[in-house]
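Visitor: Sharing a structure below in structure tokens format, with a few things to ask.
The values are calculated or read from the model by the stated rules, or taken from the named source; none is laboratory data. No experiment lies behind these values; they were computed from the predicted model shown. Quick reminder, even Gly has a Cβ in these numbers, built from the backbone with ideal geometry, and neighbours come from all protein chains shown.
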Amino acid sequence: MLNSSILNPKSIAIIGASNDITKPGGKVLKNLLFANFSKNIYPVNPKESIIQGLKCYNNISQLPETDCAILAIPASAVNETVQYLAENKNTRGFIVFSAGFGELNEEGKKLENELKAIIKKYNANLIGPNSIGVLNTNYAGVFAGAIPKLEIKGVDFVTGSGATAVFIVEQAILRGLPFSSVYSVGNSAQIGVEEVLEYWDETFSSNGAKVKMIYIEQVHNPEKFYKHTSSLIKKGAKIIALKAGSTDSGARAVSSHTGALAGSDTAVDALFKKAGIIRSFSRDELVTVACVLMYRELHGKNLAVITHAGGPGILCTDQLIKDGFKVPKIEGTDAKDLLDELFYGSSVSNPIDFLATGTPEQLGLILDYVENKFDNIDGSIVIYGTPGLFDVTPAYDILNEKINNSKKPIFPVLPSPVQTKDAIEHFISLGNAIFPDETRLAEALARVYNSPKYIEETQPSYSINYDIIRDIIKTNEKGKFLSPENNAKILDAIGIPRATEILIKNESDIDMFSKKISYPVVMKIIGPVHKTDVGGVILNIQDDNELRKAFAKIISIPNAEGALIQPMLKGTELYIGVKKEETFGHLIFFGLGGIFIEVIKDVAYELAPFGKNTADRLIKSIRSYPMIEGVRGQKGINQEKLIDIILRISELTRIAPEISEMDINPLIATEDDIYAIDIRIKIG
């Protein structure tokens, strides 16, 4: 938990302070003074007597007791300094700018571990090393970047990269996005993203910051991350995150940057989805979505596009439609009355174009109609710039008034940053965030509106034969696939229906089981994992003679250990898969089965364990979901039974966490029944 020495220090020592503001120790002092830190500041530098107008201490031994120390000195001197201050000056908050620790090499990791041990010994807090610092409404303990507008209800921001934080904050300043706090955790030696989330969770207030931004390169503790993000969202927070390293090359770059391996991006994506976090994929999108979240929530997909410039209105409309919104036609008596109030040539059909000659008063009137008379509109986008012929400040004042007084959200696109610079700054000073581009706004609205929401639910309990499953897991060799017999036992133990099957090891077994075989049947090879690739699946076998020929062919395939005989079942082929991601747990995948899983790659996934509503979301997330419902006269499948099977597999991952991979491909599904046909399970 973050302590008061980091959050609200009464005194700050800057070790390595400087008169040179191009150095970290000089810039952080300048920022503290600029942000009016009115408490005690103690610069330390052996070569100076006065630094930026403040008395300078030549040695840390001369310091009075100090709450917080900011270190801008070589890495080799950090640990000794921290040890001395903690022991002799009662310092319990440390912000370490210095690089050269775990992100560098093994020697740096050793140094970092020693630093962690000192911090733990004195029950102190550490931000960094390799950090740009901490910024909140109490003080500006950062050495890099511009200082944004700070207010209690601004955005909280935690970042694993200092430089990225600087660039994001600069974009936010231009948009008028205020901040409540910025935490640059650097190497996260003690306080990382998860610990900041824990602090936000435990101190959350509806009167404080509701929007939280995260830039992250790896999730150190997925369980803790999920616990606090989902808790925050349940309390009313909105969380937007940018995760770097979504490709193999990007993950390699993360490793190089931070000295730690990045987790699977699929696992991170599933974690975000389960928690209800909105994921962005660029700095611009992160800031734009945060600005959207600062406005009233959009309840519905019907938007009015209001503009005095036709082109941007069309571009905005196109993007909204592409992203699943509607720009419904506005008509009727009220629409005619509004049109009569506007200049000739205007249009109110939506987009509402009130021409370049339209007045601020007309803009206000349009917004009043949207708010009070147009029931088929849920919110509006106002695009208002200028060709430079008139002052737009009066229009922006009216826009500000309507934003504050309307129940329907209004999103302002102000596309003339050069010619209306002063007017935009005035509009921002009134407490507004702005959007410079209408299509980027539309994309951000879609990201917010369409992102999966947190689902609070419990996983149902089942009568499952726990002992059989555990015995199989314990006796199976690690790193190996289970035998067909054990696969069948596990499915039976968790209550998943499967197609009847007969195991054939030699030709004489055919005579033994011939009376139990009802044709037509399918024969599948035992041994090779990818049966189809080696020609190990023979369909539509009609009699004993064809069965013997099929077995002779299959047993001749290299590595064949025998064959399975199953009835030929007809229906929709489905796929359910399981993959274990270290530290994250198990991902459960769903899609169409058979060859479609490899060709179409239409697969959705969720992080186990979960309940019925999440299982329902999982099956509805695939593009081919209409085939599950039934299309063109083809009957749909039994979705209740499908959900039940998925939940039983979710429960299996809890009972048998050693499972590293599991595929059921295909399941054959009809409107009445679902049967597992081909199963493989690997123990990690």
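Visitor: Can you say whether Gly100 is at pLDDT below 95 and either in a strand (DSSP E or B) or not assigned by TED's automatic domain parsing to the domain that holds Gly162 (or both), as far as the supplied structure shows?
Guide: Yes: the conditions hold for Gly100.
Visitor: Same structure again: Just name the residue that is nearest to Val28 (Cα to Cα) out of those in the range 148-196 that are in a loop (DSSP other than H, G, I, E, B) and β-branched (Val, Ile, Thr).
Guide: Within the range 148-196, the match that is nearest to Val28 (Cα to Cα) is Val185.
Visitor: For Thr66, indicate whether it is crowded, with 22+ Cβ neighbours inside 10 Å, farther than 21 Å from Ser181 by Cβ and of a type in the set (S, T, N, Q).
Guide: Working: crowded, with 22+ Cβ neighbours inside 10 Å: yes; farther than 21 Å from Ser181 by Cβ: yes; of a type in the set (S, T, N, Q): yes.
The answer is yes for Thr66.
Visitor: Still on this structure: Do we have Lys55 as modelled with pLDDT under 95, more than 38 Å from the chain's Cα centre (by Cα) and not aliphatic (A, V, I, L, M) here?
Guide: The answer is no for Lys55.
Visitor: Is there a residue in the range 668-675 that is closer than 23 Å to Lys480 by Cα, in a strand (DSSP E or B) and either touching a helix residue (DSSP H, G or I) at 6+ places or on another chain (Cβ under 6 Å) or not charged (D, E, K, R) (or both)?
Guide: no
Visitor: Kindly list, by first and then second residue, each pair from a residue in the range 449-478 that is under 29 Å from Ala275 (Cβ atoms) to a residue that is of a type outside the set (A, V, I, L, M, F, W, C) and surrounded by fewer than 14 Cβ atoms within 10 Å (Cβ to Cβ), limited to pairs with Cβ atoms under 6 Å and residues at least 6 apart or on different chains.
Guide: Every condition considered, the pairs that remain are Ile455/Asn613; Glu457/Asn613.
Visitor: Counting only residues that are more than 25 Å from the chain's Cα centre (by Cα), give me the helices (runs of 4 or more DSSP H) lying completely in the range 558-648 with at least 3 of them.
Guide: Result: 596-599, 625-629.
Visitor: Restricted to the range 67-91, and to residues that are among the hydroxyl-bearing types (Ser, Thr, Tyr) and touching a helix residue (DSSP H, G or I) at 6+ places or on another chain (Cβ under 7 Å), which residue is nearest to Ile15 (Cα to Cα)?
Guide: Only one residue fits best here, namely Thr81.
Visitor: Would you pick out the residues in the range 297-323 that are under 11 Å from Ile383 (Cβ atoms), buried (at least 18 other Cβ atoms within 10 Å of the Cβ) and of a type outside the set (A, V, I, L, M)?
Guide: Within the range 297-323, Thr307, His308, Pro312, Gly313, Cys316, Thr317 qualify.
Visitor: Now for a different question. Give Pro567, Pro558 a once-over and let me know the one that is surrounded by fewer than 19 Cβ atoms within 10 Å (Cβ to Cβ), at pLDDT below 95 and under 17 Å from Ile668 (Cα atoms).
Guide: After ruling out the rest, the residue left standing is Pro567.
Visitor: Collect the residues in the range 649-666 that are assigned to a strand (DSSP E or B) and in contact with a Lys or Arg (Cβ under 9 Å, 6 or more places away or on another chain), keeping them in residue-number order.
Guide: Ile659, Ser660, Glu661, Met662, Asp663, Ile664, Asn665 - these are the residues of the range 649-666 that are assigned to a strand (DSSP E or B) and in contact with a Lys or Arg (Cβ under 9 Å, 6 or more places away or on another chain).
Visitor: Taking Ile576 as the residue in question, decide whether it is within 16 Å of Arg680 (Cβ to Cβ) and buried (at least 19 other Cβ atoms within 10 Å of the Cβ).
Guide: Here the answer is yes, as Ile576 does meet what is asked.
Visitor: Does the range 435-456 include one or more residues that are out of contact with any strand residue (DSSP E or B) (no Cβ under 6 Å at 6 or more places or on another chain), over 30 Å from Ala290 (Cβ atoms) and not assigned by TED's automatic domain parsing to the domain that holds Ala395?
Guide: no
Visitor: Next up: Which condition does Glu501 not pass, out of (1) touching a Phe, Trp or Tyr at 6+ places or on another chain (Cβ under 9 Å); (2) in contact (Cβ under 8 Å) with a residue 12 or more places away in the chain, if it passes all the others?
Guide: Answer for Glu501: the failing condition is (1).
Visitor: Please verify whether the range 130-141 includes one or more residues that are among the aliphatic types (A, V, I, L, M), in contact (Cβ under 8 Å) with a residue 12 or more places away in the chain and surrounded by fewer than 23 Cβ atoms within 10 Å (Cβ to Cβ).
Guide: no
Visitor: If you take the residues in the range 620-644 that are more than 20 Å from Arg498 (Cα to Cα) and of a type in the set (Val, Ile, Thr), which one is modelled with the lowest pLDDT?
Guide: So the first thing to find is which residues in the range 620-644 are more than 20 Å from Arg498 (Cα to Cα), and the list is 620-627, 629-635.
Those left that are additionally of a type in the set (Val, Ile, Thr): 622, 631.
Values: Ile622: 94, Val631: 79.
Here the answer is Val631.
Visitor: Follow-up question, since we're still on this one. For the range 89-102, indicate whether the set of residues that are within 24 Å of Pro64 (Cα to Cα), of a type outside the set (Val, Ile, Thr) and surrounded by fewer than 16 Cβ atoms within 10 Å (Cβ to Cβ) is non-empty.
Guide: yes
Visitor: Ok, one more. Could you please let me know if Ile119 is surrounded by 17 or more Cβ atoms within 10 Å (Cβ to Cβ), outside any loop (DSSP other than H, G, I, E, B) and modelled with pLDDT of 95 or more? It would help to see each step written out before you state the result.
Guide: On the way: surrounded by 17 or more Cβ atoms within 10 Å (Cβ to Cβ): yes; outside any loop (DSSP other than H, G, I, E, B): yes; modelled with pLDDT of 95 or more: yes.
Yes: the conditions hold for Ile119.
Visitor: Quick one: would you say Asn432 is surrounded by 14 or more Cβ atoms within 10 Å (Cβ to Cβ), closer than 22 Å to Gly154 by Cβ and assigned by TED's automatic domain parsing to the domain that holds Leu363?
Guide: Here the answer is yes, as Asn432 does meet what is asked.
Visitor: Looking at the range 236-249, is at least one residue surrounded by fewer than 21 Cβ atoms within 10 Å (Cβ to Cβ), outside the structural domain of Ser429 (by TED's automatic domain parsing) and outside any loop (DSSP other than H, G, I, E, B)?
Guide: The answer is yes; a qualifying residue exists.
Visitor: With part of a helix (DSSP H, G or I) and closer than 16 Å to Leu365 by Cα as the only criterion, which of Leu315, Leu320, Leu338 stands out?
Guide: Exactly one of Leu315, Leu320, Leu338 is part of a helix (DSSP H, G or I) and closer than 16 Å to Leu365 by Cα, namely Leu338.
Visitor: Quick one: how many residues across the range 128-142 are touching a strand residue (DSSP E or B) at 6+ places or on another chain (Cβ under 6 Å) and either aromatic (Phe, Trp, Tyr) or part of a strand (DSSP E or B) (or both)?
Guide: Kept after step one, since they are touching a strand residue (DSSP E or B) at 6+ places or on another chain (Cβ under 6 Å), are these residues of the range 128-142: 128-129, 131-137, 141-142.
Checking the rest, the ones that are also either aromatic (Phe, Trp, Tyr) or part of a strand (DSSP E or B) (or both) come to 133-136, 141-142.
Total meeting the criteria: 6.
Visitor: Let me ask another. So which residues in the range 324-369 are farther than 28 Å from Asp391 by Cα and surrounded by 17 or more Cβ atoms within 10 Å (Cβ to Cβ), if there are any at all?
Guide: Correct list: Phe325, Val327, Ile330, Ala335.
Visitor: Within the range 197-213, restricting attention to residues that are hydroxyl-bearing (Ser, Thr, Tyr) and in a loop (DSSP other than H, G, I, E, B), which residue is farthest from Lys153 (Cα to Cα)?
Guide: Thr203
Visitor: Further, regarding this structure: For the range 373-400, which residues satisfy the criterion of being outside any loop (DSSP other than H, G, I, E, B) and either in contact (Cβ under 8 Å) with a residue 40 or more places away in the chain or of a type in the set (A, V, I, L, M, F, W, C) (or both)?
Guide: Gly379, Ser380, Ile381, Val382, Ile383, Ala395, Ile398, Leu399
Visitor: How about the range 287-310: which of its residues are closer than 20 Å to Leu339 by Cβ and either in a strand (DSSP E or B) or aliphatic (A, V, I, L, M) (or both)?
Guide: Asn302, Leu303, Ala304, Val305, Ile306, Thr307, Ala309
Visitor: Is the range 75-82 home to any residue that is under 17 Å from Gly133 (Cα atoms) and surrounded by fewer than 22 Cβ atoms within 10 Å (Cβ to Cβ)? First the steps, then the outcome.
Guide: First, the residues of the range 75-82 that are under 17 Å from Gly133 (Cα atoms): 75, 78, 82.
Filter once more, so that each one left must be surrounded by fewer than 22 Cβ atoms within 10 Å (Cβ to Cβ): 75.
Checked the range 75-82: at least one residue is under 17 Å from Gly133 (Cα atoms) and surrounded by fewer than 22 Cβ atoms within 10 Å (Cβ to Cβ).
Visitor: Then there's this: Quickly run through the range 1-53 and pick out the residues that are part of a strand (DSSP E or B) and surrounded by 14 or more Cβ atoms within 10 Å (Cβ to Cβ).
Guide: Selection gives Ser11, Ile12, Ala13, Ile14, Ile15, Asn40, Ile41, Tyr42, Pro43, Val44, Ile51.
Visitor: Among the residues of the range 585-626, write down those that are small (Gly, Ala, Ser) and farther than 16 Å from Thr653 by Cα.
Guide: Gly591, Gly593, Gly594, Ala604, Ser621, Ser624
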